[in-house]
1. Restricting to segment 211-226, and then to whatever is touching a residue at least 40 places away in the same chain (Cβ under 8 Å) and either open to solvent by 10 Å² or more (accessible area, probe 1.4 Å) or touching a Lys or Arg at 6+ places or on another chain (Cβ under 6 Å) (or both), can you tell me which residue is nearest to residue 319 (Cα to Cα)?
2. Which one is surrounded by the fewest Cβ atoms within 10 Å (Cβ to Cβ) among residues in segment 88-116 that are over 11 Å from residue 154 (Cβ atoms) and among the polar types (S, T, N, Q)?
3. Testing residue 362 on (1) in contact with a strand residue (DSSP E or B) (Cβ under 8 Å, 6 or more places away or on another chain); (2) exposed (fewer than 15 other Cβ atoms within 10 Å of the Cβ); (3) of a type outside the set (A, V, I, L, M, F, W, C), one condition comes back false. Which one is that?
4. Give all pairs with beta carbons closer than 8 Å in which a residue from segment 160-177 that is over 20 Å from residue 113 (Cβ atoms) meets a residue that is of a type in the set (A, V, I, L, M) and open to solvent by 50 Å² or more (accessible area, probe 1.4 Å); count only pairs at least 6 apart in sequence or on separate chains.
5. Does residue 246 meet the test of being part of a strand (DSSP E or B), surrounded by 21 or more Cβ atoms within 10 Å (Cβ to Cβ) and modelled with pLDDT under 95?
6. Take the residues in segment 361-382 that are over 20 Å from residue 66 (Cβ atoms) and assigned to a loop (DSSP other than H, G, I, E, B), then tell me which one is modelled with the lowest pLDDT.
7. Going through segment 44-71 one residue at a time, which ones are touching a strand residue (DSSP E or B) at 6+ places or on another chain (Cβ under 6 Å), buried (at least 16 other Cβ atoms within 10 Å of the Cβ), farther than 19 Å from residue 128 by Cβ and among the polar types (S, T, N, Q)?
8. Residues that are among the aliphatic types (A, V, I, L, M), farther than 21 Å from residue 380 by Cβ and either outside any loop (DSSP other than H, G, I, E, B) or open to solvent by less than 40 Å² (accessible area, probe 1.4 Å) (or both): does segment 319-326 have at least one?
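The values are calculated or read from the model by the stated rules, or taken from the named source; none is laboratory data. Please read these numbers as outputs of a predicted model, since none were measured by experiment. Backbone-built Cβ (ideal geometry, glycine too); neighbour counts: all protein chains shown. Heads up: the accessible areas ignore ligands, DNA and RNA and are worked out on the full protein's heavy atoms, side chains in. Shrake-Rupley method; radii C 1.70, N 1.55, O 1.52, S 1.80 Å.
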Amino acid sequence: MLRRLAISCLLATLGSSAFVRPATARTRPHYGGTLHVETAGDPWQRPNGPARRLVFDGLTLVNANGTVRPGLATEWNSENANHRWQFRLRPGVHFHDGSPLTSIAVVASLNASCPTNCPWSAVRAAGSSVVFTGDAPMPNLPALLAGDEFLIALTISADGKTPNGATGTGPFQVNGFNNSVLSLIANDTCWQGRPFVNVIEIRARRAVSDQWLDLSTGHADVVDVPAEESRQARQQHLTVLASQPLELLALQVSDTGALANLNLRAAIAQAIDRTALANVIFQKEGQVTASLLPQSLSGYAFLFPVERDLNKAQQLRGGITPPPLSLRVEGDSAMQLAGQRIALNLREAGFNVQLAPPASQHTDLTLRTFSTQAADPAAVLEDILRDQNHPAAIDADAITEYKAEREFLDRKTLVPLLHLPRAYAISPRVRDIQLRSDGSPDLANASLEAAP
């Protein structure tokens, strides 16, 4: 009931959103043209670099409403109380170099992308199927396999050679990379059908201000809109596609050294002013949270208190003066500002916190984001816990999910702060573009207005 109510409230909110959304298609989609995409990051970065789902496919996929659908696997079934899963591969699929999609190729790709800490204990080829076995139950494996981490890439071609570049089965294949521009051309024989546009060019590591300038002059079609820039995008009357608040901003806390003390970790969690982060740094975009899962997904996020309690933080510290703590921030300028504000919050609670260089490997605190998707909450939660070396098999039940999350958060090694939307601005000539369940744009199904 809570989950249904939460989703209903979310839909009502989205219905009154201030974001401008593209009009529905007026004519049939047009084939041809080049779609120009610009991004501040790397097209191949994990998770959700824009090139990844254009070139690679997964065994399963999650559609926009969170339902797990067939991908490179057409069907699957579980045995032995979810300790064994068998996925049957789609026949007649080929990689971009012409190599056939086989169970051996899929297993090689999965072993390369996930050598350790996988949702399964073992994976093997069995004829035209891929079989996963686990020491523990794997109730959420079909949803997990839709994740960016498990997209299938060719590692050895049919003639035994290593591919020259990224080779998948997706709707686009790599054509070249020059002057920070990745060129992808349509895969005419894609098992999903030929995409509408002929070419997608992705310009990498482009400053957001430059992206918006290129959009205004017709040199870009899809550009980034960081959460903290969403208000400015509305003021400039950009056409913006925005997701639900799906991206989790959290502080990762070491449990070694001085922070092996649980009370000190709890004091850090109490000292952070989430509301100030949301209002000042991220310009009131997203949702303040102390939960791993957004309210719209779990229905119980409101049960985790979000208020700052500086007095309690100082009491938990108990007069202990820990040695200086290092804080590393992963991300752009807004993330750096958020890190500075968190450091200030912790100093007010009696901690001596210094910002560490971005390349630092071992720090006491790390401010980072986690990409989630509007899918089965049990699968999303399991994925986050696995990332934190806390694997757990979680049944799709709200009470079970809440208990698992509560147990993990009580360790105070990860402090949820905000859930942020993902947003993109698009040019008037782009049609039929939607956001995936993870908030990324579905570029493969976009089309362009025919030239006059």
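1. To start, the set of residues in segment 211-226 that are touching a residue at least 40 places away in the same chain (Cβ under 8 Å) comprises 211-212, 214-215, 218-226.
Narrowing further to those that are either open to solvent by 10 Å² or more (accessible area, probe 1.4 Å) or touching a Lys or Arg at 6+ places or on another chain (Cβ under 6 Å) (or both): 212, 214-215, 218-219, 224, 226.
On the way: 212: 50, 214: 54, 215: 54, 218: 60, 219: 58, 224: 45, 226: 40 Å.
Out of the qualifying residues, it is 226.
2. This residue is 116.
3. All conditions pass for residue 362, except number (1).
4. If the second residue must be of a type in the set (A, V, I, L, M) and open to solvent by 50 Å² or more (accessible area, probe 1.4 Å), the pairs left are 175/185.
5. Working: part of a strand (DSSP E or B): yes; surrounded by 21 or more Cβ atoms within 10 Å (Cβ to Cβ): yes; modelled with pLDDT under 95: yes.
So residue 246 fits the description; yes.
6. 361
7. none
8. Going residue by residue through segment 319-326, those that are among the aliphatic types (A, V, I, L, M) are 320, 325.
Now drop any that are not farther than 21 Å from residue 380 by Cβ, which leaves 320, 325.
Narrowing the set further to residues that are either outside any loop (DSSP other than H, G, I, E, B) or open to solvent by less than 40 Å² (accessible area, probe 1.4 Å) (or both) leaves 325.
There is at least one residue in segment 319-326 that is among the aliphatic types (A, V, I, L, M), farther than 21 Å from residue 380 by Cβ and either outside any loop (DSSP other than H, G, I, E, B) or open to solvent by less than 40 Å² (accessible area, probe 1.4 Å) (or both).
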